[in-house]
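Just so it is clear, none of the values below were taken in a lab; they were calculated from the coordinates. Note that the structure is predicted; figures quoted are calculated from it, not measured. Every residue, glycine among them, receives a Cβ derived from its backbone with ideal geometry; neighbour counts consider all protein chains shown.
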Amino acid sequence: MTLLDDERDRELLRNVHPPDWTNPEHRDLYDLVAIGGGTAGLISAAGAAGLGARAALIEREHLGGDCLNVGCVPSKSLLRSAHVAAEIRDAERFGVRAAGPVEVDFGAVMRRMREIRARISPVDSAARYSGELGVDVFFGHARFTGPRSLEVGGRTLRFKRAVVATGARAAVPPVDGLADAGFLTNESVFDLTELPRRLLVLGGGPIGCELSQAFRRFGAEVTLVEQAPQFLGREDPDAAAVLRAAFERDGIDVRLETSVSKVARGGPDGAQRIVSLASNGRSETLAVDAILVGAGRVPNVEGMGLEEAGVAYDPRRGIQIDDYLRTTNRRVFAAGDCCMATQFTHAAEFAARTVIQNALFLPTKKLSSLTIPWCTYTSPEIAHVGLYARDAEARGIEIDTWVHELADVDRAIAEGDTDGFVKLHTKKGTDRILGATIVARHAGDLISEIGVAMAGGVGLGGLTSVIHPYPTQADAIRQVANAYNRTRLTPTAKRIFEWIIRAKR
Ligand SMILES: Cc1cc2nc3c(=O)[nH]c(=O)nc-3n(C[C@H](O)[C@H](O)[C@H](O)COP(=O)(O)OP(=O)(O)OC[C@H]3O[C@@H](n4cnc5c(N)ncnc54)[C@H](O)[C@@H]3O)c2cc1C
């Protein structure tokens, strides 16, 4: 991340890495040291200090980690601007005429993003953590020197417990010429001050999909390249299909089962890069101005003395943990993107809460007991919780699947948001909810109702009695539950009801 010399970025820096910061005098022994000042490290350190433990937090770059600086916050800020542009372009559908063609001021969009980042940053600030929360905040690269000690900025900190929360970074595929031609990742894309005219997005995961849509809606020509037959590979295929149609309407050139085989600098028509694509034995070249790599993440595990600490790790899968988030050194725990397959801010937060319990008290809390939903913030959004149908099949669990289309939901019809659905899986013959996918404008908000039901052990039948305000898109969930309840009416029960009604006439 390159910060600009403007008030917004100066404020961000004052919070997340004050230029005049002096590391505190260290204590003899810490109850807990968190390595990495992203969500997992921040929550671990704050939680421990809040319980009266002597806690230290070490960050080598910017507090807030990926989420605040180069992840969730900037990407969601850009997406909001992008969706506003799309709504205005689409205004005539709602009987509203916008004067003239929509113009996106990319510089203003990026300034707004930097303003939001700065505005949110006090929550993760060094001043708040060291002052209000009582955490010793150290800036510098942390490196274990043994199983119970580490070094930062020339000082040795001894600990009873440590938590590795060093996050992950963009994986860069070994494409011929890519490094030489230059490319963007989430680390640099939010530094842009000018909109690339032609953008190639390499990788159709959540980051690639969100940013493809954002840049297309800003007016760039976007080609999204994904080597698998479906983008958002782990999502329900029906959900990906709805988004595919939305991308086509946006004018994103989606290339599935396609890989980038070579990149070269320069090209015709002022293009800055020439990209060779290979798809099912066919090849073609494409002239683009920028390449954004969103092809997965690799954990930050190198150069931090994990070997000295006796902490086992895999360079691709990250730090080896058990269900209690313990590493192979019983005094060292890990949380967040450096060790978990579910790489989200809220997952990192709840893993950190699990670490606080297990590191400072008895190790009783399991990662596997968490119900973790997630969402891709495209338009429409795709949100999920629990099992997919293929997971159930792989585990030999028979399921019933319940679907309600948004095209049959009054609020969705009224708002012109009919692309999407609620799909819910229950254990066959029961109302036990195993998983759900929602595709809707605000699917990320709607999925929480199902998360609450799953975490609280409420079955699908129980959701029929949850009264939703009319009209809301969330009512689709109740309608799925109603569909389930209707199947509960056996022919015998139906005959008895009919008999009672007749008798009362
Ligand atoms: C573009 C993008 C969009 C995203 N959008 C969302 C979203 O909408 N919702 C969501 O839930 N998630 C989203 N994510 C994922 C989310 O950002 C991560 O899951 C989350 O930040 C993980 O937190 P963490 O604490 O594990 O790691 P990080 O946030 O990566 O923090 C790790 C920190 O450790 C520091 N560090 C590393 N090594 C050392 C060392 N040796 N010494 C000292 N410090 C070190 C790093 O500098 C970093 O600050 C997004 C990610 C990206 C890239």
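A few points about this structure:
- Taking 1.002 mPa s as the viscosity and 20 °C as the temperature, the Stokes-Einstein diffusion coefficient of the chain based on its alpha-carbon Kirkwood radius rounds to 86 µm²/s.
- Residue order for Val73, Val293, fewest other beta carbons within 10 angstrom first, comes to Val73, Val293.
- Span from the the range 334-350 Cα centroid across to the the range 110-148 one, whole angstrom: 18
- Cα gyration tensor category, rounded, prolate or oblate, for the range 102-204 with a/c compared to 1.5: oblate
- Averaging the sequence gap over all C-alpha pairs within less than 8 Å and six or more residues apart, then dividing by the number of residues, gives the range 163-278 a relative contact order of 25 percent.
- In this label model, Ile496 and Thr430 are separated by 2.3 nm, measuring between points 7 Å along each Cα→Cβ vector.
- Alpha-carbon centroids, the range 355-424 and the range 226-297: separation in whole Å: 27
- Local electrostatic count at Pro24 - Lys and Arg +1, Asp and Glu -1, tallied over other residues with Cβ under 12 Å: +1
- Selected from Thr258, Ala493, Ala503, residue furthest toward positive end of dipole (the chain; charges at beta carbon): Ala503
- The sum of -39500 (n - 2.57) across all DSSP H runs of n ≥ 4, divided by the residue count of the chain, sets its helix-only mean residue ellipticity at 222 nm to -10000 deg cm²/dmol.
- Put a plus charge on the Cβ of each Lys and Arg, a minus charge on the Cβ of each Asp and Glu, and nothing anywhere else: the dipole of the chain about its Cα centre is then about 1740 debye.
- With all pairs of different C-alpha atoms in the average, the Kirkwood value for the hydrodynamic radius of the range 2-103 is 17.0 Å.
- Here Ile477, Ile501, Ile274, Ile438 are placed in order of increasing Cβ neighbour count within 10 Å, fewest first, which gives Ile501, Ile274, Ile477, Ile438.
- Both radii come from the Cα set of the range 106-147: Rg as radius of gyration, Rh as Kirkwood radius; their ratio Rg/Rh reads 1.23.
- Since only Ala474, Gln227, Leu13 are under comparison, the one whose Cα sits farthest along the positive direction of the charge dipole of the chain, derived from C-beta charges on Lys, Arg, Asp and Glu, is Ala474.
- Using only Cα coordinates, the Kirkwood hydrodynamic radius of the range 197-274 works out to 13.0 Å.
- Remark: spin-label model distance Ala127-Arg316 equals 4.6 nm, labels positioned 7 Å along the Cα→Cβ axis.
- Considering only the chain, percent of DSSP beta bridges that pair antiparallel, nearest 5: 60
- At least 27 Å along the helix axis (C-alpha) and Kyte average at least -0.5, DSSP helices within the chain: none
- Taking Cβ atoms as reference points and 15 Å as the exclusive limit, the residues near Glu257 contribute a net charge of 0, counting Lys and Arg as +1 and Asp and Glu as -1.
- 14 Å tail of the calculated P(r), the range 281-329, as % of Cα pairs: 66
- Counting neighbouring Cβ atoms within 10 Å and putting the fewest first, the residues Ile58, Ile116 line up as Ile116, Ile58.
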